[in-house]
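To start, the structure under review is shown below, and the notes come after it.
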Amino acid sequence: MNQREIASIGCKLIGIFFIVQGTSLLSLNVPVTANMIVDYTLINLVYSLITILFGILLWCFSDKLAKILVKEKNRNETVGLGANELQRIGFSVLGLYFIGNSLPELVTKSASLHTSGYGLPEPTGLRILFLGGPITELLIGIGIFLGSQGLVNLLSLIRTAGLKRERDSELEE
């Protein structure tokens, strides 16, 4: 199994997770009583459907995402993957998870702010604070997805911090 196949499988697994998560959220939105608030039910339905849609898109475009995650020079390597490559792919998939988890919430909160305002005063600063959580999660997801190689290098540096390397001990002798 080469690196692109592993990255594609990771994207498909995250896609399945989103589909299952969206389906479970959808089942919670079935009106149990006749006097449920229609606006919030509709917003929750949209949130669930966006989550399912993102999962389906991740599944369908997993091969294209794998091409982005794994560079051309490494695509046919079938030898065992090193820890750095697996970590990089894992960070990229984690970034996709954060992106996919924040987008439905961001769209839902933006729509609810537009329609009801949630009783917040007019200053836009407070409205942006209301959207702060999903925006932060989206930015972190994008950062992890795009900076996965840097995170792997940072982890490698932290792991070897303070340890003598063979090369350093040979130079001292």
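Each value in this text was obtained by applying a stated rule to the coordinates, not by laboratory testing. Here the structure is a predicted model, which means the values were calculated and not measured.
For the pairs LYS12/LYS71; LYS12/LYS64; LYS64/LYS109, flag any whose C-alpha to C-alpha distance is greater than 21 Å.
LYS64/LYS109
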How large is ³J(HN,Hα) for each residue in the range 3-9, as worked out from phi by the Karplus curve 6.51 cos²θ - 1.76 cosθ + 1.60 (θ = phi - 60°), to whole Hz, x for Gly and Pro? 5, 5, 5, 5, 5, 5, 5
